[in-house]
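Please treat every number below as a calculation from the coordinates, not as lab data. Since the structure is predicted, the reported quantities are computational estimates derived from the model, not experimental observations. Note that each Cβ is placed from the backbone with ideal geometry, even for glycine, and that neighbours are counted across all protein chains shown.
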Amino acid sequence: MLLRYIARMITHVSPRLLYKAARLWVGGGLRAMRAYRQRLARNELFPPFLFLALTDACNLRCRGCWIESHGRPNQLSWEEIQTVIESGRKHSVNFFALLGGEPFLYPNLWRLIEGYPDCYFQIITNGLFFTPEVVGRLRRAGNVSPLVSIDGWRDANDQRRGEGVFDRAVAGLKELKRGRLLFGAATTVTSRNIDEVLDARYVDFFVDQGAAYLWYYGYRPVGAEPAPHLALDAQGMREFRRRLIALRKRSPIILIDTYWDAEGKAVCPAAAGLGFHIGPQGSIEPCPPLSLACETVRDSQGDLFAAINQSAMLRDFQEFCRSHTRGCVILEQPRRLAEFFARHRAGDFSGRDVIAELSASEPRPSHDLGEQAIPEESRIYRFLKRQLFFGMGGYG
Ligand code: SF4
């Protein structure tokens, strides 16, 4: 499997882009993790990776999306971007996941990518903007890995994302393959699509498209139309884990999840302090679906390290998660989570009422499989997971 994967990457991806990804993404990531562990030992709170929601503007209206944009979109100013990137670099953070809305609608996107050639960016996108010109410019920059969201085969995807979106996103993948970029696809697993997306045929489709990795997310019923029936139940979560492990043993593509460690125990990246989310209004939020914050990047005179490290809410959020579950508090403890944010008087940056939405949510199972945890069977994934999750503050 590993040899097939390496052969595929060598033949499909530009050697210069592979070198840049190895140096900036892998090498930079290892440095970031080392610095992060040292910070943990000093009881400092600052993550090794950051998520930046550049804008809430989007050209699609997907069902179950928690981003709302009314009228003029919210977006990070160039000064806020500089604050985040430069504070990050001072603390060995050089990997930034860029999301939205749709990042390709953000006016400063190219200035960001090309202005920070020593950083690596993963752009989480709907994949509808990959003209030959855009792909050529990404290739010249060399420090970007696009991650295209596709949620199942044509019917399932288009039901959620809109008519014709599957074909247009796949056309985007083809353009990325032609440009020899290092890219991935992201799929949200729901109760409706689990059989089709955790299936060898689906994974092989992305291998054929030239994707280097396929990233699976579990559906979270949040936002204005939460559609709770799409969330996985306990049996669905076990099935998610079981199928993922089986697919990893056979597929020459990296299958990513951030839910389980090497032993199959549940992990919450926000509780482990792995990455916080900067919203399009500059709010510093615990994780992408929770648009609630007590600080913004403009606080502490633009010192992001101080704003995060001194945030009582972000520190208490970790404690709150650890004391309730190893899994996802949004799914398992929505009402207590609402009380937690109300207690901290967190500002709501969603344009809705997230605390009311959480209060009205029914608790449901998450990825914490308890006694039924299923360990990784692939040695490579065991190694990778141990590198990523070993020694975290939340799970030491
Ligand atoms: S709270 Fe839930 S959605 Fe947020 S990082 Fe943790 S597991 Fe993921």
Over the residues of region 274-391, compute the C-alpha Rg and express it relative to 2.2 N^0.38 Å. 1.20
Under the rule of at least 5 residues apart or a separate chain, name every residue whose amide H is placed under 5 Å from the amide H of CYS287. HIS277
Part-to-part distance (alpha-carbon centres) for region 362-383 and region 273-340, which is given in Å: 24
Magnitude of the Cβ-charge dipole of region 152-278, K/R +1 and D/E -1, about the Cα centre, nearest 20 debye? 360
Give, in nm to one decimal, the length gained when the segment between SER323 and ASP118 is fully stretched (0.36 nm per residue of separation minus the Cα-Cα distance). 70.0 nm
Within region 213-308, list the GluC sites (Glu not before Pro) lying in a DSSP loop whose Cβ has at most 13 other Cβ atoms in a 10 Å radius. GLU263
What shape does the chain take by its C-alpha gyration tensor, where a ≥ b ≥ c are the square roots of the eigenvalues and a/c under 1.5 counts as rounded, a/b above b/c as prolate, and the rest as oblate? rounded
Kindly state, to the nearest 0.05, the FRET efficiency for ILE380 paired with ILE10, given R0 = 22 Å and r defined as their beta-carbon distance. 0.80
Whole-Hz Karplus couplings 3J(HN,Hα) for region 106-111, θ = phi - 60° and coefficients 6.51, -1.76, 1.60, Gly and Pro as x, run 7, x, 9, 4, 5, 4
Amide H partners (placed H, <5 Å) of ILE123, local residues excluded: LEU98, SER145, LEU147
Which percent, to the nearest 5, of DSSP beta bridges fully inside the chain are antiparallel? 20
How many nm is it between the label spots at ARG250 and ARG34, if each spot is 7 Å from the Cα in line with the beta carbon? 4.0
Cβ neighbours within 10 Å, averaged per peptide: list 47-57, 361-371 in order, most packed at the top. 47-57, 361-371
Per-pair calculated FRET efficiency, R0 = 22 Å: ARG23 and ARG137 via Cβ, rounded to 0.05: 0.60
State whether region 157-205 is rounded, prolate or oblate according to the following rule on the C-alpha gyration tensor (a ≥ b ≥ c being the square roots of its eigenvalues): a/c under 1.5 gives rounded; otherwise a/b larger than b/c gives prolate, and the remaining case gives oblate. oblate
Once you sort the root eigenvalues of the Cα gyration tensor of region 1-120 as a ≥ b ≥ c, which label holds: rounded (a/c under 1.5), prolate (a/b larger than b/c) or oblate (the other case)? oblate
Which whole-Hz couplings ³J(HN,Hα) result when phi for each residue of region 360-371 is put into the Karplus expression 6.51 cos²θ - 1.76 cosθ + 1.60, θ = phi - 60°, listed in order with x for Gly and Pro? 8, 7, 7, x, 8, x, 10, 7, 6, 8, x, 5
Whole-Hz ³J(HN,Hα) for each residue in region 91-96, computed from phi via Karplus 6.51 cos²θ - 1.76 cosθ + 1.60 with θ = phi - 60°, x for glycine and proline: what do you get? 10, 6, 9, 10, 10, 10
